[in-house]
Amino acid sequence: MKWNEAFNQTLKDFGISAKWLSQESGISEVFISQFRKGRKDATTGVLAQLLEPLPLEAKKQFFGLLLGTVPQPEYLFEEVLESLPKEKKKKLAIQLVESIAREPELMSTSS
């Protein structure tokens, strides 16, 4: 996976917006958007600035995607979901909805 693809996937998976990341990192939203789309390259210094404000789990995912050690979350979820019996799927669905309802909206998902 390319650097920009891993970065874009990580931001999507963690619901991190370019606006929030720009405010936290000091890197412009325009550059972040262009990097995510593969239109601009990031130096190691800029990449470090972009990664610094991310939660630890997001950083782990980013590097895992680059190294190929992290399965794509949607594939992993689909595999697990398919293996569960119907009653377990229902229980999981209820737990997911309850978990989402308890979480505050901290970051916008728009980019």
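The values are calculated or read from the model by the stated rules, or taken from the named source; none is laboratory data. If you're wondering where the values come from, they're calculated on a predicted model, not measured in any experiment. FYI the Cβ positions are ideal-geometry reconstructions off the backbone, even for glycines, and counts take in every protein chain you see.
The table for this structure:
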| item | result |
| --- | --- |
| Matching residues in segment 17-45 - criterion: being part of a helix (DSSP H, G or I) and surrounded by fewer than 17 Cβ atoms within 10 Å (Cβ to Cβ) | LYS19, GLN23, GLU24, GLU29, VAL30, SER33, GLN34, THR44, GLY45 |
| Meets criteria (at pLDDT 95 or above and in a helix (DSSP H, G or I)) for GLN9 | no |
| ALA58 being surrounded by 12 or more Cβ atoms within 10 Å (Cβ to Cβ) and within 22 Å of PRO104 (Cβ to Cβ) | yes |
| GLU52 vs. criteria among the charged types (D, E, K, R) and modelled with pLDDT under 90 | no |
